[in-house]
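K.L.:
Following this message is one structure expressed as C-alpha cells.
Values quoted throughout were computed directly from the atomic coordinates according to the rules given, and no laboratory measurement underlies them. Since we're looking at a predicted model, the values are computed, not measured. For neighbour counting, all protein chains shown are included, and Cβ atoms are generated from backbone atoms with ideal geometry for every residue, glycine included.
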Ligand SMILES: [Zn+2]
C-alpha cells in the first residue's frame with residue numbers, strides 16, 4: 001500500500017497528504033506544523049510505501065479500554081471490602097454470643113440405678129424396683145418409665161409402662177419406682193428399663 005507525502009519547504013516536516021486533490025497548476029497549502037503557506041505542486045508529492053499495521057486480536061494482547069480497568073479494580077476492592085466486613089461482623093457476633101450466653105452444660109440422659117427383680121414368697125409374682133437419677137444441674141421432666149422382662153429365649157415376655165403423668169426430677173436427685181408383676185415369665189434373663 002502506498003500513500004502520498006509532502007515536505008514543508010520551510011520546516012522540512014514531512015506529512016501525509018491524504019486524498020487531497022492537487023490540480024495541474026498547484027494549490028495553496030498550509031504546513032500543519034509551522035503554518036507556512038506555499039504553493040504545492042504535483043511534482044512535490046512523493047508516493048511512499050506504508051505498511052499497514054494489522055490489529056493483533058490475540059487474547060494476550062487485548063488491552064482493556066482505560067475506562068474499564070478502574071471499574072474492574074473498583075469491583076475487586078468492593079469484593080475485598082465485603083469479605084473483610086463479613087469477617088469482622090462474624091467475629092463480633094461470635095464473641096458477643098459467647099459473652100452473652102450462659103455456659104451450657106451438656107444435657108445428660110436420666111440414669112437407671114440399681115434395678116432389682118425379686119420373687120415374692122408365694123412365687124407367683126415378682127417385684128421390680130429401680131431408681132431414676134437426674135445427673136444434670138437442673139430439673140428434668142419425664143413422662144414414662146418402661147420396663148421389659150426378657151425371657152430365656154430373648155423375647156420380651158412382659159412390658160410395663162408407668163402412666164403418662166409428667167414428673168419433675170430435681171437436679172442431682174433420684175426417685176424410686178417399684179411394681180409387682182403377677183405370673184412373671186418362668187425365668188427372666190434380662191431387665192430392660194427406659195425412661196422418657
Ligand atoms: Zn512547515
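K.L.:
What nm value, rounded to one decimal, do you get for the distance between residue 11 and residue 77 when each label is placed 7 Å out toward the C-beta?
P.N.:
4.1 nm
K.L.:
Please arrange 42, 174 by how many other C-beta atoms lie within 10 Å of their C-beta, fewest to most.
P.N.:
Details: 42 12, 174 17.
Exposure proxy ranking, most exposed first: 42, 174.
K.L.:
Return the Rg/Rh value of region 2-49, two decimal places, where both radii are evaluated on C-alpha atoms and Rh is the Kirkwood radius.
P.N.:
Details: Rg = 10.0 Å, Rh = 10.8 Å.
Radius of gyration over Kirkwood radius for region 2-49 works out to 0.92.
K.L.:
Let me ask something additional. Stretch residue 129-residue 47 to full length: gain in nm at 0.36 nm per residue minus the Cα-Cα span?
P.N.:
Details: separation 82, 0.36 × 82 = 29.52 nm, distance 12.00 nm.
Length difference between fully extended and current span is 17.5 nm.
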